[in-house]
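A.B. asks: Dumping the structure here so I can ask a few things about it.
Every number in this text was worked out from the coordinates using simple rules, so none of it is lab data. Keep in mind that this is a model prediction, so the values were computed, not measured. Here Cβ is always computed from backbone atoms with ideal geometry, including for glycine, and neighbour counts include all displayed protein chains.
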Amino acid sequence: MKVKLHKNKLTNEHLIVYNKPKKVYIPLISGNDTNITILVKKGEYVYKGSIIGKRKGDFRIPIHSSVSGTVLDFEERTCFNGEKVKCVVIENDFKEKIEQKLSVKRNINKYTKEEFIERLKENGIVGLGGAGFPTYVKYEAKNINTLIVNAVECEPYITADEALAKIKCEELLETIDAILEINKIKEAIIAIKKENIELKQAFDNFIGTYLKIKIKLVPNNYPMGWERNLIKEVTNKDYDKYPIEEGIVVNNISTIYAIYEALKYNKPLIERVVTFSGENLGEKRNVLVKIGTDAKEVLEQLKIKNDSIVVAGGPMMGIKVDDLILSANLNCVLALNNTINIPSICLRCGKCVEVCPAKLSPVLIMKTKYKNEKDIKKIKQLHPEKCIGCGLCSYICPANLLVRERVKDAKDLVKGDK
Ligand code: SF4
Ligand code: SF4
């Protein structure tokens with residue numbers, strides 16, 4: 001069973017900018033890794049683009065300040081995953097003073113592969129579609145033959161990439177072409193949903209001279225934006241753990257644009273476009289924000305109603321939060337009304353099984369108790385660790401059961417996280 005979803009169209013798709021936060025709270029997290037070395041002290045003056053922290057371990061990418069101003073403190077605030085994360089609090093002096101290193105490169109395809117990788121690394125470019133994986137790592141592979149540009153928004157409501165792509169088509173195509181040339185990749189395929197005629201048209205207007213870049217229209221099924229589904233649809237290939245096994249790299253639109261700014265201006269990842277939507281917002285907008293902005297400030301500007309539920313992320317994979325700091329890998333914030341769907345008993349309809357893209361039996365996983373070794377053995381045979389957290393099972397469930405949450409509990413159990 002394929003789930004067809006149509007976007008809740010925004011009342012206004014034009015991109016607006018919110019660049020006046022009094023303070024920013026830069027989260028010390030990269031992907032899901034909070035093992036970050038702090039490189040600033042209280043009272044220190046930082047520039048827009050100054051490095052304030054660096055990830056430890058294998059992927060030593062920096063985290064930058066998105067404003068110029070003074071480091072006030074270190075505070076724990078809620079981030080995209082609903083968890084408290086240590087943040088560097090910086091008071092914005094609104095002077096937008098930048099690090100000297102910013103410069104303009106005329107031809108962004110004139111980098112060696114080593115320089116390209118270094119540019120992405122030093123500018124802290126990570127995947128902006130959700131996982132936050134350091135982008136340079138994908139390009140360290142030697143056997144890349146296809147770049148897939150994911151222009152398929154992953155959940156209803158979200159139109160952040162679409163809004164950005166419509167106004168930055170030329171820059172995106174220029175960047176894709178440069179990536180192909182620098183990394184000696186044969187082709188790039190931009191995957192766009194069939195229903196998204198306007199976006200296809202926008203790319204069609206400029207794609208003429210880029211002979212190695214093609215557009216592929218894909219069905220409007222959820223979760224088409226999931227990497228594994230998208231690769232199967234676009235190339236008919238499967239892989240075991242990582243797309244690079246098949247010579248494929250996938251980047252979404254926002255990531256490609258962040259690469260553009262890194263190559264063109266040596267600009268670090270300090271801003272992103274976020275969709276603000278949901279029935280409890282007076283104005284539904286795509287907003288260019290500074291990383292570290294308190295979501296409350298933007299929600300108030302967009303006339304959030306009292307007693308709203310705020311969700312970090314889309315309606316399926318998002319997490320209800322009480323406060324929220326905008327981070328690099330958060331593409332959507334929803335303000336929903338406060339009605340509670342009361343769960344009833346499982347109807348045994350099997351819909352959760354039909355829709356699960358990981359081919360699991362969510363209902364069986366949910367119903368299996370884990371009181372003893374026998375239960376745990378049984379649950380392991382149901383492979384909850386394959387769950388991608390897409391939330392389709394909960395979304396489709398007519399009994400309003402929190403199926404995804406129960407599968408996640410089982411997943412944590414078999415992975416030893418509980
Ligand atoms: S959240 Fe997990 S169990 Fe539920 S449909 Fe998605 S992959 Fe399947
Ligand atoms: S969709 Fe809900 S009601 Fe239907 S089998 Fe799954 S858990 Fe039960």
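A.B. asks: Mean 1/r over all different Cα pairs, inverted: what Kirkwood radius does segment 128-212 give, in Å?
C.D. replies: Mean inverse Cα-Cα distance, inverted, gives 14.0 Å.
A.B. asks: Normalising by the residue count of segment 351-414, find the relative contact order in percent from Cα pairs under 8 Å and 6+ residues apart.
C.D. replies: Relative contact order, segment 351-414: 39 percent.
A.B. asks: Only four residue types carry charge here, +1 at the Cβ of Lys and Arg and -1 at the Cβ of Asp and Glu. Report the dipole size of the chain about the Cα centre in Debye, rounded to the nearest 20.
C.D. replies: Values: 69 positive and 54 negative charges, 188 e Å.
Charge dipole, the chain, about its Cα centre: 900 debye, nearest 20.
A.B. asks: By how many nm would the segment from Lys369 to Lys320 grow when fully extended, if each residue of separation counts as 0.36 nm and the alpha-carbon distance is taken off? The partial results should precede the final answer.
C.D. replies: Numbers: separation 49, 0.36 × 49 = 17.64 nm, distance 2.59 nm.
Gain on extension, Lys369 to Lys320, equals 15.1 nm.
A.B. asks: Shifting gears a bit: Please give, to one decimal in nm, the separation of the simple spin-label points placed at Leu72 and Glu354, each 7 Å out from Cα toward the Cβ.
C.D. replies: Between Leu72 and Glu354, the simple spin-label model gives 5.2 nm.
A.B. asks: Per DSSP helix of 4 or more residues, -39500 (n - 2.57); summed, then divided by the residues of the chain. What does that give at 222 nm, rounded to the nearest 500? List each step's numbers first, then the result.
C.D. replies: Details: 13 runs with 112 residues, N = 418.
Mean residue ellipticity at 222 nm (helix-derived): -7500 deg cm²/dmol.
A.B. asks: Given the C-alpha centroids of segment 268-289 and segment 197-238, what is the distance between them in whole angstrom?
C.D. replies: 24
A.B. asks: Ranked from highest to lowest mean number of other Cβ atoms within 10 Å per residue, what is the order of the peptides 18-31, 323-336, 71-84, 372-385? Don't jump to the answer; show the numbers that get you there.
C.D. replies: Values: 18-31: 21.3, 323-336: 24.6, 71-84: 17.1, 372-385: 13.9.
Going from most to least packed, we get 323-336, 18-31, 71-84, 372-385.
A.B. asks: Oh, and also: Which value, in debye to the nearest 20, gives the size of the charge dipole of segment 351-414 about its Cα centre, when Lys and Arg are +1 and Asp and Glu are -1 at the Cβ?
C.D. replies: Working: 14 positive and 7 negative charges, 41 e Å.
That gives segment 351-414 a dipole magnitude of about 200 debye.
A.B. asks: Do you know the relative contact order of the chain, to the nearest whole percent, from alpha carbon pairs under 8 angstrom that are 6+ apart?
C.D. replies: Values: 913 pairs, mean separation 75.8, N = 418.
It rounds to 18 percent for the chain.
A.B. asks: Calculate the FRET efficiency for Tyr239 and Thr339 from the Cβ-Cβ distance with a Förster distance of 30 Å, rounded to the nearest 0.05.
C.D. replies: Values: r = 41 Å, r/R0 = 1.38.
Here the calculated transfer efficiency is 0.15.
A.B. asks: Beyond 27 Å, how much of the Cα-Cα pair distribution for the chain remains, as a whole percent?
C.D. replies: Numbers: 46413 of 87153 pairs.
Of all Cα-Cα pairs in the chain, 53 percent lie more than 27 Å apart.
A.B. asks: I want to verify a result. In a Gaussian network model of the chain, Cα cutoff 10 Å, which of these has the top mean-square fluctuation: Cys349, Cys87, Cys169?
C.D. replies: Cys349
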